[in-house]
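Some notes on the structure that comes next.
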Number of protein chains: 2
Amino acid sequence: MKKLTVNLGTRSYPIHIGQQLLDNGELLTRHIRGRQVMLVSNDTVAPLYLQRVRQQLEEFNTAAVILPDGEQYKNLDTLNTIFTALLEHRFNRDCTLIALGGGVVGDITGFAAACYQRGVAFLQIPTTLLAQVDSSVGGKTGVNHPLGKNMIGAFHQPGCVVIDTDTLDTLDDRQLSAGLAEVVKYGLIRDAEFFNWLEINIAALMARDKQALEYAIERSCSIKAEIVAADERESGQRALLNLGHTFGHAIETGTGYGNWLHGEAVATGMLMAADLSARHGWISTEMVQRTEQLLRQARLPIKAPQEIDETRFMALMAVDKKAVDSGLRLVLLKAIGDAFVSGDFSADLLGETLRSAA
Amino acid sequence: MKKLTVNLGTRSYPIHIGQQLLDNGELLTRHIRGRQVMLVSNDTVAPLYLQRVRQQLEEFNTAAVILPDGEQYKNLDTLNTIFTALLEHRFNRDCTLIALGGGVVGDITGFAAACYQRGVAFLQIPTTLLAQVDSSVGGKTGVNHPLGKNMIGAFHQPGCVVIDTDTLDTLDDRQLSAGLAEVVKYGLIRDAEFFNWLEINIAALMARDKQALEYAIERSCSIKAEIVAADERESGQRALLNLGHTFGHAIETGTGYGNWLHGEAVATGMLMAADLSARHGWISTEMVQRTEQLLRQARLPIKAPQEIDETRFMALMAVDKKAVDSGLRLVLLKAIGDAFVSGDFSADLLGETLRSAA
């Protein structure tokens with residue numbers, strides 16, 4: 001088992017990564033506040049793992065709420081079902097929520113914990129690769145609005161993150177690929193060596209080699225922990241983690257939540273960011289091709305949906321929360337392993353990228 | 001004009017109290033972040049004051065959203081209409097919300113600001129006495145759930161509070177009385193001298209004497225600011241501000257939001273807390289009578305609704321967020337001007353208080 005720490009002063013917390021961790025209740029119980037524990041999962045993950053986790057918590061007063069699976073349910077209505085469950089079970093301010101599932105379950109549970117009685121504790125047990133390498137770490141929580149993704153939320157750090165890599169055995173292929181998109185992102189923004197490692201090991205990762213997956217998760221979490229520790233509330237470098245996300249959110253919103261997986265949209269968005277960077281001459285077209293090749297091998301989409309034309313893309317991106325005043329800012333690349341945030345790009349070249357993306 | 005400060009380190013903010021402050025735009029503009037300003041008001045207050053405030057903000061890109069007036073609309077659906085307005089106007093992370101109205105508008109606007117894009121700035125212009133002396137100060141924001149009042153929310157401090165006492169000219173009598181309930185509360189929990197002052201000046205306050213009102217508001221805000229500065233997130237003495245609120249919330253929830261005004265429920269709740277304290281011998285029955293007399297003179301209800309019997313009271317109070325584990329804790333009185341929080345009271349005597357309350 002590997003242990004990393006997200007260093008945030010009094011809000012610091014550990015990330016445990018390894019096999020069979022779901023049966024190691026102690027990793028959770030030492031971080032539980034109070035006696036009341038609400039497990040939040042979805043109808044795909046709960047039948048597989050809920051009982052096992054609950055068994056580890058016999059000394060607590062536990063209850064569970066099972067959400068429908070899918071990004072289209074990441075909204076205020078679903079959030080409210082968690083509040084209703086908490087209130088029906090008379091949970092007080094001194095309780096703990098545990099998110100058992102993918103990114104949607106983690107984001108919505110974290111936001112419920114941020115708002116229930118103005119803030120209670122929560123723990124993360126991410127069961128998808130995407131949640132393990134990205135959304136479970138860093139305290140960004142929230143839900144979507146029909147007019148924009150993750151527009152409603154809070155910063156609320158978990159008490160711990162427990163990543164059992166065995167849960168990836170039950171993940172479907174499309175979800176595994178979606179998670180790899182975020183893994184590739186860490187290489188692109190911060191770590192050229194890791195990007196090279198991914199190019200060499202992509203076949204092992206796709207074959208679900210446990211050692212390869214564990215290393216990829218550890219490296220990803222480690223980069224994310226470092227960035228979050230330096231900039232918890234995204235006033236600076238944390239924005240680098242949004243590489244591909246402004247384009248990606250436009251794809252997700254434009255196609256309706258749940259049709260494209262978040263990781264799929266991010267993959268296409270990263271390639272668009274690389275393309276735009278190359279059009280400015282900041283990176284070579286060879287680097288764009290390497291990125292495209294790696295995403296292809298991870299069976300990720302590399303083309304934006306036909307139905308989103310340039311005008312629609314621009315409208316969708318304008319509402320994205322990374323927009324400051326009317327100036328759109330994007331995460332772009334200076335090299336593989338070196339990203340930066342800029343509003344200083346050519347609108348004409350952006351148009352070219354948008355027109356050639358589909 | 002009087003100026004108080006809520007001392008919270010980097011989140012400190014001023015409270016301005018005086019006449020004609022709505023026409024003093026500078027009080028607001030120096031605290032506005034970004035160029036985009038969303039005014040949030042309700043359909044009672046907006047026709048009276050919205051245009052005047054908006055006039056002061058001509059240099060900004062302003063928009064407005066008007067909520068229906070009433071506690072029954074303090075819910076997630078109404079909250080969502082604010083998010084929709086913000087997104088339709090393409091407001092970004094660097095924007096400011098201004099709450100213009102009573103406690104409901106302030107609480108819901110503050111919560112919208114806490115959650116929109118994970119947190120934007122907001123300012124408070126409270127226009128009811130209750131909001132001026134209580135809810136606009138201290139950063140508690142939130143909405144109700146059908147199963148409990150203020151169960152969903154956040155701590156989010158405003159950038160400033162502007163209290164124009166002229167807005168009380170348009171307040172109806174029932175709302176004025178409701179505000180006086182919270183004013184009486186400050187005397188009961190912290191300041192016997194102020195309680196005496198209220199006994200002497202209650203007729204002037206009911207006659208809307210501006211000087212008397214200004215003093216009562218200043219003294220109330222000053223006590224609240226002191227308590228909030230010492231305990232922002234209610235881990236200790238801030239709970240004293242909930243005198244009468246556990247009983248009061250039970251009345252509000254039990255009768256359906258909007259039937260009893262919050263201040264009315266708090267008045268009856270405070271009298272119940274005084275009654276329970278006297279039954280323990282902690283205060284004299286004379287003190288209970290003085291409290292009852294003052295509340296009567298403020299035309300506040302002193303009897304709980306008949307339809308909430310002892311059993312229903314207990315069930316409603318058990319879900320109140322001041323309950324820790326299964327032990328109910330209440331704010332009780334040692335003297336006028338000296339409140340304390342305790343779980344150590346007689347269940348039998350509580351039963352007597354509940355049975356004799358209606």
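The values are calculated or read from the model by the stated rules, or taken from the named source; none is laboratory data. Small disclaimer: the values here were computed from a predicted structure and weren't measured. Virtual Cβ from ideal backbone geometry, glycine too; neighbours counted across all protein chains shown.
Restricting to the range A:230-246, name every residue that is polar (S, T, N, Q) and under 13 Å from the mean Cα position of the chain (by Cα).
Correct list: A:Asn242 only.
Taking the conditions exactly as written (more than 27 Å from B:Ala225 (Cα to Cα), within 17 Å of the chain's Cα centre (by Cα) and surrounded by fewer than 20 Cβ atoms within 10 Å (Cβ to Cβ)), does B:Gln51 satisfy them or not?
Criteria not met by B:Gln51.
Please go through the range A:114-136 and pick out each residue that is more than 17 Å from A:Val40 (Cα to Cα), more than 7 Å from chain B (Cβ to nearest Cβ) and of a type outside the set (Asp, Glu).
Those that are more than 17 Å from A:Val40 (Cα to Cα), more than 7 Å from chain B (Cβ to nearest Cβ) and of a type outside the set (Asp, Glu): A:Leu129, A:Leu130, A:Val133.
Specify the residue that is farthest from B:Tyr49 (Cα to Cα); the eligible residues are those in the range B:70-116 that are touching a helix residue (DSSP H, G or I) at 6+ places or on another chain (Cβ under 8 Å) and basic (Lys, Arg).
Residue satisfying both the conditions and the ranking: B:Arg90.
Taking B:Val40, is it within 18 Å of the chain's Cα centre (by Cα), assigned to a strand (DSSP E or B) and of a type in the set (Val, Ile, Thr)?
So B:Val40 passes the test.
Scan the range B:25-37 for residues that are part of a strand (DSSP E or B) and in contact with an Asp or Glu (Cβ under 9 Å, 6 or more places away or on another chain) and jot them down.
B:Gln36
Does A:Met314 count as away from every other protein chain (no Cβ under 14 Å) and out of contact with any His (no Cβ under 9 Å at 6 or more places or on another chain)?
Criteria not met by A:Met314.
Going residue by residue through the range B:43-56, is there one that turns out to be modelled with pLDDT under 95 and over 24 Å from B:Pro146 (Cβ atoms)?
no
Which condition does B:Thr141 not pass, out of (1) more than 14 Å from chain A (Cβ to nearest Cβ); (2) surrounded by 24 or more Cβ atoms within 10 Å (Cβ to Cβ), if it passes all the others?
Just one mismatch for B:Thr141, condition (1).
Taking A:Val137 as the residue in question, decide whether it is of a type in the set (A, V, I, L, M) and part of a helix (DSSP H, G or I).
no
Scan the range A:254-263 for residues that are assigned to a helix (DSSP H, G or I) and surrounded by 24 or more Cβ atoms within 10 Å (Cβ to Cβ) and jot them down.
Of everything in the range A:254-263, those that are assigned to a helix (DSSP H, G or I) and surrounded by 24 or more Cβ atoms within 10 Å (Cβ to Cβ) turn out to be A:His262, A:Gly263.
Output yes when any residue across the range B:290-301 is at pLDDT 95 or above and either more than 24 Å from B:Arg208 (Cβ to Cβ) or touching a strand residue (DSSP E or B) at 6+ places or on another chain (Cβ under 7 Å) (or both), and no when none is.
For the range B:290-301, residues at pLDDT 95 or above and either more than 24 Å from B:Arg208 (Cβ to Cβ) or touching a strand residue (DSSP E or B) at 6+ places or on another chain (Cβ under 7 Å) (or both): absent.
Would you pick out the residues in the range A:83-107 that are within 13 Å of chain B (Cβ to nearest Cβ) and part of a helix (DSSP H, G or I)?
Matches in the range A:83-107: A:Phe83, A:Thr84, A:Ala85, A:Leu86, A:Leu87, A:Glu88, A:Asp107.
Please tell me if B:Asp169 is farther than 28 Å from B:Ala250 by Cβ, touching an Asp or Glu at 6+ places or on another chain (Cβ under 9 Å) and more than 11 Å from chain A (Cβ to nearest Cβ).
no
Sort through B:Leu22, B:Leu4 and tell me the only one that's over 20 Å from B:Leu86 (Cβ atoms), touching a Cys at 6+ places or on another chain (Cβ under 7 Å) and either of a type in the set (A, V, I, L, M) or not in a loop (DSSP other than H, G, I, E, B) (or both).
Checking each option against the conditions leaves just B:Leu4.
Exposed (fewer than 15 other Cβ atoms within 10 Å of the Cβ) and not in a loop (DSSP other than H, G, I, E, B): does that describe A:Ala315?
So A:Ala315 fits the description; yes.
If A:Asn80 satisfies every condition in (1) in contact with a Leu (Cβ under 9 Å, 6 or more places away or on another chain); (2) of a type outside the set (Val, Ile, Thr); (3) away from chain B (no Cβ under 14 Å) but one, which is the exception?
(3) is the only condition that A:Asn80 fails.
On the basis of being part of a loop (DSSP other than H, G, I, E, B) and either among the hydrophobic types (A, V, I, L, M, F, W, C) or free of Cβ contacts under 8 Å to residues at least 60 places away in the same chain (or both), does A:Arg52 make the cut?
no
Give all pairs with beta carbons closer than 7 Å in which a residue from the range A:129-147 that is at negative phi meets a residue that is β-branched (Val, Ile, Thr) and part of a strand (DSSP E or B); count only pairs at least 6 apart in sequence or on separate chains.
Sorted first by the residue in the range A:129-147, then by its partner, the pairs are A:Gln132/A:Ile163; A:Ser136/A:Val161; A:Val137/A:Val6; A:Val137/A:Ile15; A:Val137/A:Val161; A:Val143/A:Ile152; A:His145/A:Ile152.
Could you check how many residues of the range A:32-45 are crowded, with 19+ Cβ neighbours inside 10 Å and touching a residue at least 60 places away in the same chain (Cβ under 8 Å)?
Qualifying residue count, the range A:32-45: 9.
Return the total of residues in the range A:223-249 being part of a helix (DSSP H, G or I) and either farther than 17 Å from A:Gln72 by Cβ or touching a His at 6+ places or on another chain (Cβ under 6 Å) (or both).
17
Output the residues belonging to the range A:151-165 that are assigned to a strand (DSSP E or B) and within 14 Å of another protein chain (Cβ to nearest Cβ).
A:Met151, A:Ile152, A:Gly153, A:Ala154, A:Phe155
Looking for something aromatic (Phe, Trp, Tyr), away from every other protein chain (no Cβ under 14 Å) and over 25 Å from A:Ile152 (Cβ atoms) - is there at least one such residue anywhere in the range A:51-72?
For the range A:51-72, residues aromatic (Phe, Trp, Tyr), away from every other protein chain (no Cβ under 14 Å) and over 25 Å from A:Ile152 (Cβ atoms): absent.
Would you call A:Phe111 in a loop (DSSP other than H, G, I, E, B), surrounded by 16 or more Cβ atoms within 10 Å (Cβ to Cβ), of a type outside the set (Lys, Arg) and not assigned by TED's automatic domain parsing to the domain that holds A:Leu213?
No; evaluated as a whole, the condition is false for this residue.
Looking at B:Ala304, B:Ala273 in this structure, which one is in a loop (DSSP other than H, G, I, E, B), in contact with a Phe, Trp or Tyr (Cβ under 8 Å, 6 or more places away or on another chain) and crowded, with 17+ Cβ neighbours inside 10 Å?
Sole residue among the options that is in a loop (DSSP other than H, G, I, E, B), in contact with a Phe, Trp or Tyr (Cβ under 8 Å, 6 or more places away or on another chain) and crowded, with 17+ Cβ neighbours inside 10 Å: B:Ala304.
How many of the residues in the range B:265-314 are touching a residue at least 24 places away in the same chain (Cβ under 8 Å) and of a type in the set (Val, Ile, Thr)?
Total meeting the criteria: 6.
Under 6 Å between Cβ atoms, at least 6 apart or on separate chains: pull out the pairs that start in the range B:65-91 with a residue that is within 13 Å of B:Leu39 (Cα to Cα) and end on any residue that is assigned to a loop (DSSP other than H, G, I, E, B) and at pLDDT 95 or above.
Listed pairs, sorted by first residue: B:Ile66/B:Asp43.
Being within 21 Å of A:Leu129 (Cβ to Cβ), assigned by TED's automatic domain parsing to the domain that holds A:Phe345 and surrounded by fewer than 24 Cβ atoms within 10 Å (Cβ to Cβ) narrows it down to one of A:Gln237, A:Gln297, A:Gln289, so name that one.
Exactly one residue qualifies, and that residue is A:Gln297.
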